[in-house]
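What follows is a short report on a single structure.
The values are calculated or read from the model by the stated rules, or taken from the named source; none is laboratory data. Because the structure is a prediction, the values reported are computed rather than measured. Note that we place each Cβ from the backbone using ideal geometry, even for glycine, and neighbour counts take in every protein chain shown.
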Amino acid sequence: MTTPKPSRRWLIALTSFALLSLIACSKVNKENYDKLKIGMGYDEAVALLGEPDQCETLLAFKSCTWGKGAKTITIRLAADQVLLFESKGL
């Protein structure tokens, strides 16, 4: 059995670190969802979850979604205050 060349080991280690970082850094999780509160401000939600992946605004109402695919958190706001929030796949 041959040992991988140093450059190959480095590439494997870097790829593993990148994948683990992406998984660990996801702020769309049950722990952060449980920290959401009715009445909290938009800026507080962004501080908790990061920038939303999508927002839609209609008059004074805003609906923002964090995450894509199977795991998402959606928050509905009025005048930048949380009115309702829901999750999918957490």
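Reported count of residues in the range 33-70, each being small (Gly, Ala, Ser), farther than 15 Å from Lys88 by Cα, within 14 Å of the chain's Cα centre (by Cα) and not in a helix (DSSP H, G or I), is 1.
For beta carbons closer than 7 Å, sequence separation of 6+ or different chains, a first residue in the range 23-42 that is closer than 24 Å to Ala78 by Cα and modelled with pLDDT under 95 and a second that is outside any helix (DSSP H, G or I) and β-branched (Val, Ile, Thr), the qualifying pairs are Val28/Thr72; Val28/Ile73. Every listed requirement among (1) surrounded by 14 or more Cβ atoms within 10 Å (Cβ to Cβ); (2) modelled with pLDDT under 90 is met by Leu14 save one, (1).
Within the range 79-90, being farther than 11 Å from Ile38 by Cα and either of a type in the set (A, V, I, L, M) or crowded, with 17+ Cβ neighbours inside 10 Å (or both) holds for Ala79, Ser87, Leu90.
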